[in-house]
1. Specify which of the listed residues (A:GLU155, A:GLU161, A:GLU108) is among the acidic types (Asp, Glu), more than 18 Å from B:LEU318 (Cα to Cα) and either touching a Pro at 6+ places or on another chain (Cβ under 9 Å) or within 14 Å of chain B (Cβ to nearest Cβ) (or both).
2. Considering only residues that are among the polar types (S, T, N, Q) and farther than 30 Å from A:GLY245 by Cβ, look in the range A:295-346 and name the one that is farthest from the chain's Cα centre (by Cα).
3. Could you please find all residues in the range A:111-128 being touching a Phe, Trp or Tyr at 6+ places or on another chain (Cβ under 8 Å), within 24 Å of A:PRO212 (Cα to Cα) and within 14 Å of chain B (Cβ to nearest Cβ)?
4. Tally time: how many residues in the range B:429-476 are within 14 Å of chain A (Cβ to nearest Cβ) and surrounded by 17 or more Cβ atoms within 10 Å (Cβ to Cβ)?
5. For the range B:414-428, enumerate the residues that are open to solvent by less than 50 Å² (accessible area, probe 1.4 Å) and modelled with pLDDT under 90.
6. Would you confirm, using the coordinates I've provided, whether B:ILE481 is modelled with pLDDT under 95, closer than 30 Å to B:GLU346 by Cβ and surrounded by 15 or more Cβ atoms within 10 Å (Cβ to Cβ)?
7. For B:ASN492, only one of the following conditions fails: (1) buried (at least 16 other Cβ atoms within 10 Å of the Cβ); (2) more than 24 Å from B:ALA263 (Cα to Cα). What is its number?
8. Got a sec? Which of A:LYS286, A:LYS301, A:LYS252, A:LYS334 is without any contact (Cβ under 8 Å) to a residue 24 or more places away in the chain and over 30 Å from A:LYS180 (Cβ atoms)?
Amino acid sequence: MMIRIISLILACILLMAGCTTKQEILDDINLITLIGYDHTDDRKSQGTVAVPQYKPDGTVQNEYYSAIGEIGQDIGQQLALQTQRPLVNGKLEIVLFGIEFAEKGVIETNDIFRRDPSVSANMKLAVYDGNVHDFIVNHRIPNQDLGMALTKLIEQNSKQETFPRTNIHLFFRTYFTKGKDPFLPLLGMKDGKVYLKGVSLFKEGKMVSALPASDLTMFTLLHSGFDSGSFVLPVKELNAEVSLGHIDAEPKVEMRGNVNSPQITYTIKLKGLINEYSGDIKGIEKKVKLIEKSVNSVLEKRAESLINSLQQQGLDPLGIGKRANAHYRDWDVKEWNEQYPELDIKVKFQTNITESGVIR
Amino acid sequence: MKKFFQKWMNSSQQTENKKNEPETLSDLIDMASSSKDFVRYKIKKETGTIYISYIKTLIDMDTLHRDILPYIQHEKQMNLEDLKGSIPIDNILLSEKVPEIKEKLLSGYIILQFDTDIDECLLIKALSASNREVAAPEIEFSVLGPKEAFVESLDKNLHLVRKRLPTMNLTVEEMRIGTTSKTLISVLYVKGTANEENINTVIQRIREIEFDQIMDSSFITQLIADNQNSPFPQLIDSERPDRVSAALSEGKIAILVEGSPHALIGPTTLIEFFSSFEDYFLNWHVATTFRVIRMFSVMFSVFATPIYVAVLTYHYELIPKDLLGILVTSRSNIPFPPILEAVILELAIELLREAGARLPTKVGQTIGIVGGIVIGTASVEAGLTSNVLLIIVALAALASFTTPVYKMGNTIRLIRFPFLLFAQLWGLLGIMVCFCFLLVHLLRVESLGRPYLEPLYPPRLQDLKDTIVRLPFSAQSLRPINLQTENTKRFNKQKAKQKRDIDE
């Protein structure tokens, strides 16, 4: 009996050894942290990968491989011809799309990463304003992994609440949601440094337009609200600028009327404190009411113009349609898409400045 | 002395086997005479000749010279009865049974005879007590609390326990086990508290031991274990009389062995091996924290290296991105795969421990330093092992030493190796499979017929009060369910809660 059990176990170990996943020893593989896609001509695209090389002395160098092909697998095979060690996707941090590539559509390319179990759901997607291959090959950051650096740039902005949280999972969730359009961070180059240039807006998986950097904060506020955000706003009445910090705000959308003539009002209660004031700081506590009023009108104007411009392009990255779907019984995508650009969406701000000069 | 005794016993055993049992006292004396340390002489007096025989390496000469010889020489005795009355020593035996005389001779008695032809003789106990003094515990050292540890003498050990439990219910049962060594074994329990079934189990199992020599209590642990093939010890061995006394009054059973400075306590559970007796000297928050740290360190000790091997071999995705650079850098020059690297380092640590344990204390310390610093850094600089793994292995070894019971520490170091093997074979899945094997084994192990994993499985919420957490004494009013004690209450909870600060 015992011998039978032991021989069974032995047989399992010996025969099933082939069933395991293949070994990928950490220092015998090339970890891709960044993939960039560019549109070349007709149906082909160029893929560029960045692979950090960790040197024994503790420094990091980025190595680049590039190949042109029709589909992802094709590019992958050509890349394999160039490398000493197998390229693996498991530590992929970010996928960059050249702006031309993004305009042709990114869903098929992303689908590979969505289905690959070794790729993190927190992997970032971003659009680069220009040619990604040139950017990856020419952009030199000393002693840092390029993919990680870009990811940190985006994550830092999400933490500072200048950009909503974003990753491949959220992108696809939005893509499959009725009444909401996906968006991605738009990166650009200025003075040899990469920076967050704005928001690239997608319709049906194809990039159609972009919002400038000046709209980033307002976009974030309308999309996901603030926990501890900040704003710099002019106060015309006092001819000064005010900076609000520690802002706590939650966008609330009120829906009235029926599905055929919806009345939509954004109500945002904004609670914050004055960080900086360019005018006369003396007696500021008496001006708080005035500042609050002025801030409200400036913010309302900005928000309304942002929403209007989105409406005119037929884009809904804020998910107003999704909220309407939750509210109205007979909501229908087609009808909604038709009436959406014509909707009158009001925005109301209720600013409450809680502190105006605490000395720390 | 003990060794010599043993040798002597062995040789006498052999002669016994050849010549069979002695039939008369003179046969016995003839047989004993073949050994050089057997002494026999006669004292001639007016009333008759007295023959004195003894094994000189066993008896206390002071007793003979001071308490026996003067009374034989100066007084007049006509027969053995007279002699018995005149020697001022208690418990003098008058016997004519040859097997009994033989046994007494071999356990340090002096034989007095008048006539060499008849078997009747006097037996006077004069065993020399060459015992170690009671000293501070070395293995289960504690900063607080009593500094007494068991010694090699059973009587002294019993004294150490009994003075802590002055109750009539503390029962000591004695038996001699071992066909050659005839070691005296005492089973201690508190009557009316300890479960009858447990007591019977222990006594029956010890009685049924068929073995030639019992040199230490750890022989008993192995011989009466429920599962002798398990790497897990199924009885706690302790050198602290306070721990044994506490266990006895809790309803457990203790086994003391002549010549062994370790008592055995049972039935026990896995968790109990990770509780130090010092936990009860600290207040419950501190004690609980230390126990949690100890449990964590056991987990760390078992799983750290296997997880390192599994992650580096199969699951590079799991490595946090900030750690990636450090790991790749430290691995980049190593010619071995992670498993070889890990096995080499683990074996090196085991080597060091074994070398340190076998060498005398002072050399042992040097070995520790030489091994730890020189071999460790040298192997990293030579590029044979990565420094990250060196840290992990060293920490894991350190963590395994936090286990208060030495035998459990050994087990923990051992079970790491199958985990390593499985980690190399199937990665994290392999670790999971190996853990399943371990868990199933632990579920099936019993300690004196009581479940080993209790109170985790079978779940006994009430018994959790003194496991990973140690609740305050006020919450410990009941004895563990696991022991099935005859009297479940330790003290009256209501009475303990009353505050009598103010006189009414």
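1. After ruling out the rest, the residue left standing is A:GLU155.
2. The residue in question is A:GLN339.
3. Listed by number, the list holds a single entry, A:MET123.
4. 3
5. Within the range B:414-428, B:TRP426 is the sole residue that qualifies.
6. For B:ILE481, the condition - modelled with pLDDT under 95, closer than 30 Å to B:GLU346 by Cβ and surrounded by 15 or more Cβ atoms within 10 Å (Cβ to Cβ) - is not met.
7. Here B:ASN492 meets the rest and fails (1).
8. Step by step, each of A:LYS286, A:LYS301, A:LYS252, A:LYS334 is checked, and only A:LYS286 is without any contact (Cβ under 8 Å) to a residue 24 or more places away in the chain and over 30 Å from A:LYS180 (Cβ atoms).
The values are calculated or read from the model by the stated rules, or taken from the named source; none is laboratory data. In this text, all values refer to a predicted model and were calculated from it rather than measured experimentally. Every residue, glycine as well, gets a Cβ built from its backbone with ideal geometry; the counts of neighbours run over all protein chains shown. The protein model used for the area step is the full one, side chains on, heavy atoms only, and it has no ligands, DNA or RNA in it. Shrake-Rupley method; radii C 1.70, N 1.55, O 1.52, S 1.80 Å.
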